[in-house]
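Here is the structure we will look at.
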Amino acid sequence: MELSDFVTDMAADSLERHALDSLADTKELQCGIVRRFVRLADADLARKIGRAQGVYVTYDCPPSALESERGVRSLQNYIANAAMEMVGIMGRKSRVLVVGLGNGEVTADALGSAVADLMDVSPVRESERRGEKAKLCAFKTGVEGRTGIKSADAVEGLCAKLRPSCVIAVDSLATSSVRRLGTSFQITTAGIAPGSGAGGDRARIDRSSLGVPVIAIGVPLVLSMRTVLSDFVHDYEAAAGCGGSEYKLRELMAEKRLGGLVVAPKEIGWYVESAAAVIAGALNAAFGEHGGKSRLKAFK
(Lines give C-alpha, C1' and ligand atoms only; values in the text may rest on other atoms or scores of the structure.)
Protein backbone atom coordinates (compact mmCIF):
# COMPACT_ATOMS: atom_id res chain seq x y z
CA MET A 1 0.00 0.00 0.00
CA GLU A 2 1.33 3.44 -0.88
CA LEU A 3 1.82 6.08 1.80
CA SER A 4 -1.00 8.15 0.28
CA ASP A 5 -3.41 5.40 1.39
CA PHE A 6 -2.12 5.37 4.96
CA VAL A 7 -3.98 7.69 7.33
CA THR A 8 -3.28 7.81 11.07
CA ASP A 9 -2.54 10.16 13.97
CA MET A 10 -0.90 7.39 15.99
CA ALA A 11 2.89 7.15 16.25
CA ALA A 12 2.57 3.44 17.11
CA ASP A 13 0.70 2.83 13.84
CA SER A 14 3.36 4.68 11.85
CA LEU A 15 6.22 2.75 13.43
CA GLU A 16 4.48 -0.56 12.76
CA ARG A 17 3.75 0.39 9.15
CA HIS A 18 7.45 1.07 8.53
CA ALA A 19 8.58 -2.04 10.46
CA LEU A 20 10.18 0.22 13.08
CA ASP A 21 8.09 -0.75 16.11
CA SER A 22 11.26 -2.13 17.73
CA LEU A 23 12.30 1.51 18.28
CA ALA A 24 9.57 1.83 20.92
CA ASP A 25 10.33 0.82 24.50
CA THR A 26 7.46 -1.59 25.16
CA LYS A 27 6.38 -2.69 28.64
CA GLU A 28 3.32 -4.55 29.91
CA LEU A 29 1.79 -2.86 32.95
CA GLN A 30 -1.06 -3.77 35.30
CA CYS A 31 -4.33 -5.17 33.93
CA GLY A 32 -2.71 -6.08 30.60
CA ILE A 33 -2.13 -2.44 29.62
CA VAL A 34 0.87 -2.13 27.26
CA ARG A 35 2.92 1.06 27.25
CA ARG A 36 4.91 2.02 24.15
CA PHE A 37 7.40 4.84 24.61
CA VAL A 38 9.33 6.40 21.76
CA ARG A 39 11.40 9.57 21.53
CA LEU A 40 11.45 10.89 17.97
CA ALA A 41 14.48 13.17 18.12
CA ASP A 42 15.80 12.51 14.62
CA ALA A 43 14.19 14.82 12.07
CA ASP A 44 14.74 12.42 9.16
CA LEU A 45 13.13 9.52 11.04
CA ALA A 46 10.18 11.68 12.09
CA ARG A 47 9.70 12.80 8.49
CA LYS A 48 9.94 9.22 7.23
CA ILE A 49 7.10 7.98 9.44
CA GLY A 50 5.06 11.16 9.05
CA ARG A 51 5.05 12.28 12.66
CA ALA A 52 6.33 15.45 14.33
CA GLN A 53 9.41 15.28 16.54
CA GLY A 54 8.76 14.69 20.23
CA VAL A 55 8.04 12.09 22.87
CA TYR A 56 5.13 9.71 22.28
CA VAL A 57 3.63 7.45 24.94
CA THR A 58 0.87 5.06 23.91
CA TYR A 59 -1.19 2.91 26.26
CA ASP A 60 -2.81 -0.01 24.42
CA CYS A 61 -5.56 -1.47 26.61
CA PRO A 62 -7.36 -4.80 26.40
CA PRO A 63 -11.17 -4.49 26.71
CA SER A 64 -11.00 -6.14 30.15
CA ALA A 65 -8.89 -3.25 31.50
CA LEU A 66 -11.50 -0.71 30.43
CA GLU A 67 -14.37 -2.76 31.83
CA SER A 68 -13.08 -2.82 35.41
CA GLU A 69 -12.67 -0.06 37.96
CA ARG A 70 -9.17 -1.33 38.79
CA GLY A 71 -8.13 -1.17 35.16
CA VAL A 72 -9.53 2.34 34.68
CA ARG A 73 -7.87 3.59 37.88
CA SER A 74 -4.55 2.14 36.77
CA LEU A 75 -4.83 3.75 33.35
CA GLN A 76 -5.73 7.11 34.87
CA ASN A 77 -2.66 6.93 37.12
CA TYR A 78 -0.41 6.12 34.16
CA ILE A 79 -1.78 9.01 32.10
CA ALA A 80 -1.61 11.44 35.04
CA ASN A 81 2.02 10.55 35.77
CA ALA A 82 2.99 10.78 32.10
CA ALA A 83 1.33 14.19 31.75
CA MET A 84 3.01 15.57 34.90
CA GLU A 85 6.38 14.27 33.77
CA MET A 86 6.02 15.87 30.34
CA VAL A 87 4.84 19.20 31.78
CA GLY A 88 7.45 19.39 34.55
CA ILE A 89 7.33 21.20 37.90
CA MET A 90 5.02 24.21 38.18
CA GLY A 91 4.23 26.65 40.98
CA ARG A 92 0.90 27.43 42.61
CA LYS A 93 0.31 30.50 40.45
CA SER A 94 0.80 28.55 37.23
CA ARG A 95 -2.10 28.01 34.86
CA VAL A 96 -2.77 24.75 33.06
CA LEU A 97 -5.03 25.28 30.06
CA VAL A 98 -6.92 22.19 28.88
CA VAL A 99 -8.24 22.67 25.35
CA GLY A 100 -11.03 20.46 24.06
CA LEU A 101 -10.69 20.23 20.28
CA GLY A 102 -13.26 18.95 17.80
CA ASN A 103 -17.00 19.16 17.25
CA GLY A 104 -19.04 18.31 20.33
CA GLU A 105 -22.14 17.72 18.20
CA VAL A 106 -20.53 14.87 16.23
CA THR A 107 -20.09 11.85 18.49
CA ALA A 108 -16.84 10.55 17.00
CA ASP A 109 -15.32 14.05 17.25
CA ALA A 110 -16.66 14.91 20.69
CA LEU A 111 -13.84 13.60 22.90
CA GLY A 112 -12.16 16.97 23.45
CA SER A 113 -15.44 18.68 24.27
CA ALA A 114 -16.45 15.88 26.67
CA VAL A 115 -13.14 16.08 28.54
CA ALA A 116 -13.38 19.87 28.86
CA ASP A 117 -16.84 19.49 30.42
CA LEU A 118 -15.42 17.17 33.11
CA MET A 119 -12.51 19.38 34.16
CA ASP A 120 -12.22 20.34 37.83
CA VAL A 121 -11.55 23.99 37.00
CA SER A 122 -10.26 26.40 39.63
CA PRO A 123 -12.19 29.44 40.89
CA VAL A 124 -11.47 32.68 39.10
CA ARG A 125 -10.57 34.58 42.26
CA GLU A 126 -7.21 33.67 43.75
CA SER A 127 -8.64 34.23 47.26
CA GLU A 128 -11.19 31.41 46.72
CA ARG A 129 -8.57 28.81 45.86
CA ARG A 130 -7.54 26.02 48.14
CA GLY A 131 -4.47 23.83 47.98
CA GLU A 132 -1.21 24.36 46.19
CA LYS A 133 -1.89 22.92 42.75
CA ALA A 134 -1.68 24.82 39.50
CA LYS A 135 -4.77 26.69 38.33
CA LEU A 136 -6.75 24.54 35.90
CA CYS A 137 -8.71 26.17 33.07
CA ALA A 138 -10.72 24.55 30.29
CA PHE A 139 -11.82 25.77 26.87
CA LYS A 140 -13.68 24.22 23.92
CA THR A 141 -12.61 25.51 20.51
CA GLY A 142 -15.39 24.15 18.29
CA VAL A 143 -14.55 23.64 14.61
CA GLU A 144 -13.82 26.19 11.90
CA GLY A 145 -16.91 25.19 9.94
CA ARG A 146 -19.11 26.36 12.83
CA THR A 147 -17.05 29.24 14.25
CA GLY A 148 -15.15 30.60 11.25
CA ILE A 149 -12.00 30.51 13.40
CA LYS A 150 -9.20 27.98 13.14
CA SER A 151 -8.70 26.06 16.38
CA ALA A 152 -5.01 26.94 16.39
CA ASP A 153 -5.80 30.67 16.12
CA ALA A 154 -8.37 30.48 18.94
CA VAL A 155 -5.90 28.74 21.25
CA GLU A 156 -3.10 31.15 20.33
CA GLY A 157 -5.32 34.15 21.17
CA LEU A 158 -6.41 32.64 24.48
CA CYS A 159 -2.82 31.86 25.43
CA ALA A 160 -1.81 35.44 24.71
CA LYS A 161 -4.44 36.58 27.25
CA LEU A 162 -4.10 33.91 29.95
CA ARG A 163 -0.37 33.19 29.64
CA PRO A 164 -0.64 29.57 30.83
CA SER A 165 2.42 27.59 31.88
CA CYS A 166 1.35 24.77 29.58
CA VAL A 167 -1.44 23.70 27.26
CA ILE A 168 -3.00 20.23 27.19
CA ALA A 169 -4.91 19.64 23.96
CA VAL A 170 -7.40 16.76 23.81
CA ASP A 171 -8.86 15.45 20.57
CA SER A 172 -10.26 12.42 18.80
CA LEU A 173 -7.67 10.74 16.60
CA ALA A 174 -7.61 8.61 13.47
CA THR A 175 -5.97 5.19 13.40
CA SER A 176 -5.09 2.62 10.78
CA SER A 177 -5.63 -0.25 13.23
CA VAL A 178 -9.06 -1.64 14.09
CA ARG A 179 -7.69 -3.07 17.34
CA ARG A 180 -6.76 0.41 18.59
CA LEU A 181 -10.21 1.94 18.08
CA GLY A 182 -11.33 3.35 21.43
CA THR A 183 -8.78 1.33 23.39
CA SER A 184 -5.49 3.20 22.91
CA PHE A 185 -4.46 6.46 24.55
CA GLN A 186 -1.66 8.56 23.06
CA ILE A 187 0.17 11.33 24.93
CA THR A 188 2.81 13.38 23.16
CA THR A 189 4.95 16.50 23.53
CA ALA A 190 4.78 17.01 19.75
CA GLY A 191 1.54 18.98 19.81
CA ILE A 192 -1.29 18.36 17.37
CA ALA A 193 -2.78 19.50 14.07
CA PRO A 194 -6.56 19.40 14.72
CA GLY A 195 -8.47 17.25 12.26
CA SER A 196 -5.43 16.44 10.10
CA GLY A 197 -6.00 12.69 10.32
CA ALA A 198 -9.47 13.08 8.79
CA GLY A 199 -8.50 15.71 6.24
CA GLY A 200 -9.12 18.82 8.36
CA ASP A 201 -6.97 21.95 8.72
CA ARG A 202 -3.30 21.37 9.42
CA ALA A 203 -2.47 24.46 11.49
CA ARG A 204 -0.50 23.06 14.41
CA ILE A 205 -0.93 23.65 18.11
CA ASP A 206 2.51 23.11 19.58
CA ARG A 207 5.31 24.71 21.56
CA SER A 208 6.70 26.58 18.56
CA SER A 209 3.36 28.28 17.89
CA LEU A 210 2.35 29.00 21.51
CA GLY A 211 5.69 29.49 23.25
CA VAL A 212 4.79 27.13 26.12
CA PRO A 213 4.91 23.33 26.51
CA VAL A 214 2.03 21.62 24.71
CA ILE A 215 0.87 18.11 25.57
CA ALA A 216 -1.57 16.43 23.19
CA ILE A 217 -3.75 13.60 24.45
CA GLY A 218 -6.02 11.60 22.21
CA VAL A 219 -7.84 8.36 21.58
CA PRO A 220 -8.31 6.90 18.07
CA LEU A 221 -12.04 6.83 17.34
CA VAL A 222 -12.18 6.75 13.54
CA LEU A 223 -10.53 4.93 10.63
CA SER A 224 -10.02 6.13 7.08
CA MET A 225 -12.06 4.04 4.64
CA ARG A 226 -9.22 4.37 2.14
CA THR A 227 -6.77 2.82 4.61
CA VAL A 228 -9.17 0.05 5.67
CA LEU A 229 -10.01 -0.97 2.10
CA SER A 230 -6.42 -0.86 0.89
CA ASP A 231 -5.24 -2.96 3.84
CA PHE A 232 -8.07 -5.46 3.39
CA VAL A 233 -7.46 -5.91 -0.33
CA HIS A 234 -3.72 -6.41 0.15
CA ASP A 235 -4.25 -8.87 3.02
CA TYR A 236 -6.78 -10.79 0.91
CA GLU A 237 -4.43 -10.91 -2.08
CA ALA A 238 -1.61 -12.19 0.13
CA ALA A 239 -3.84 -14.86 1.70
CA ALA A 240 -5.34 -15.97 -1.61
CA GLY A 241 -2.08 -15.86 -3.49
CA CYS A 242 -3.41 -13.55 -6.18
CA GLY A 243 -2.57 -10.08 -7.38
CA GLY A 244 -4.58 -7.01 -8.25
CA SER A 245 -4.22 -3.60 -9.84
CA GLU A 246 -3.45 -0.63 -7.59
CA TYR A 247 -4.78 1.66 -10.31
CA LYS A 248 -8.08 -0.21 -10.55
CA LEU A 249 -8.48 -0.16 -6.77
CA ARG A 250 -8.01 3.61 -6.60
CA GLU A 251 -10.25 4.12 -9.63
CA LEU A 252 -13.03 2.08 -8.03
CA MET A 253 -12.70 3.89 -4.68
CA ALA A 254 -12.91 7.22 -6.51
CA GLU A 255 -15.91 6.06 -8.54
CA LYS A 256 -17.75 4.93 -5.38
CA ARG A 257 -16.58 8.06 -3.53
CA LEU A 258 -15.10 5.94 -0.73
CA GLY A 259 -11.64 7.51 -0.51
CA GLY A 260 -12.65 10.46 1.65
CA LEU A 261 -14.89 8.59 4.09
CA VAL A 262 -14.03 7.89 7.72
CA VAL A 263 -15.77 5.21 9.78
CA ALA A 264 -16.38 4.78 13.50
CA PRO A 265 -17.39 1.73 15.57
CA LYS A 266 -21.09 1.27 16.32
CA GLU A 267 -20.36 1.62 20.06
CA ILE A 268 -18.84 5.06 19.46
CA GLY A 269 -20.95 6.76 22.16
CA TRP A 270 -19.64 4.41 24.86
CA TYR A 271 -16.07 4.75 23.62
CA VAL A 272 -16.21 8.54 23.80
CA GLU A 273 -17.87 8.62 27.23
CA SER A 274 -15.44 6.11 28.71
CA ALA A 275 -12.33 7.68 27.17
CA ALA A 276 -13.40 11.14 28.34
CA ALA A 277 -13.87 9.87 31.91
CA VAL A 278 -10.42 8.27 31.86
CA ILE A 279 -8.63 11.35 30.51
CA ALA A 280 -10.56 13.83 32.68
CA GLY A 281 -9.94 11.74 35.79
CA ALA A 282 -6.22 11.65 34.99
CA LEU A 283 -5.93 15.40 34.36
CA ASN A 284 -8.02 16.30 37.40
CA ALA A 285 -5.84 14.08 39.57
CA ALA A 286 -2.68 15.61 38.12
CA PHE A 287 -3.66 19.29 38.03
CA GLY A 288 -7.13 19.77 39.56
CA GLU A 289 -7.54 21.62 42.83
CA HIS A 290 -9.44 18.78 44.49
CA GLY A 291 -7.29 15.93 43.23
CA GLY A 292 -9.78 14.69 40.66
CA LYS A 293 -13.44 13.80 40.32
CA SER A 294 -13.22 10.88 37.92
CA ARG A 295 -16.42 9.46 36.54
CA LEU A 296 -15.78 5.84 35.66
CA LYS A 297 -17.74 4.34 32.79
CA ALA A 298 -17.37 0.74 31.69
CA PHE A 299 -18.31 -0.17 28.14
CA LYS A 300 -19.20 -3.82 27.73
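For the chain, the longest principal axis of the C-alpha atoms and the axis of helix 69-87 are separated by about 80°. Apolar share of the accessible surface for the chain: 52 percent from carbon plus sulfur atoms, 1.4 Å probe.
For region 201-274 versus region 3-57, the spacing of their alpha-carbon centroids is 16 Å. Mean residue ellipticity at 222 nm from the helices of the chain, using -39,500 (n - 2.57) per DSSP H segment of n ≥ 4 over the full residue count, to the nearest 500 deg cm²/dmol? It comes out at -11000 deg cm²/dmol, rounded to the nearest 500. Sequence-distant contacts, meaning Cα pairs under 8 Å at least 6 residues apart, place the relative contact order of the chain at 23 percent.
Can you give the FRET efficiency for residue 266 and residue 85, using 1/(1 + (r/R0)^6), R0 = 35 Å, r = Cβ-Cβ distance, to the nearest 0.05? That gives a FRET efficiency of 0.45.
The length gained on full extension between residue 162 and residue 64, counted as 0.36 nm times the residue separation minus their Cα-Cα distance, comes to 31.2 nm. With R₀ set to 41 Å, the beta-carbon distance separating residue 239 from residue 106 gives a calculated FRET efficiency near 0.70. As an exercise, use a Förster radius of 35 Å and the Cβ-Cβ distance of residue 257 and residue 121 to find the FRET efficiency, rounded to the nearest 0.05. Efficiency computed from Cβ-Cβ geometry: 0.25.
The angle between the Cα long axis of helix 246-255 and the longest principal axis of the Cα atoms of the chain comes to about 70 degrees, rounded to the nearest 10. Remark: the chain carries 48 Å² of accessible area per residue (probe radius 1.4 Å; ligands, DNA and RNA excluded). Of all beta bridges that DSSP places with both ends in the chain, some 50 percent have antiparallel geometry. Extension gain for the segment residue 21 to residue 48, taken as residue separation times 0.36 nm less the Cα-Cα distance, is 8.4 nm to one decimal.
Accessible-area rank, largest first, for 161, 135: 161, 135, with all protein chains present and a 1.4 angstrom probe. On C-alpha positions alone, give me the angle between the axis of helix 151-162 and the longest principal axis of the chain, in degrees, nearest 10. The angle comes out at about 10 degrees.
The values are calculated or read from the model by the stated rules, or taken from the named source; none is laboratory data. Since this is a predicted model, take the numbers as computed values, not measurements. A quick note on method: Cβ atoms are made from the backbone with ideal geometry, for glycine too, and the neighbour counts reach across all protein chains shown. Ligands, DNA and RNA are excluded from the accessible area calculation, which covers all protein heavy atoms including side chains. Shrake-Rupley method; radii C 1.70, N 1.55, O 1.52, S 1.80 Å.
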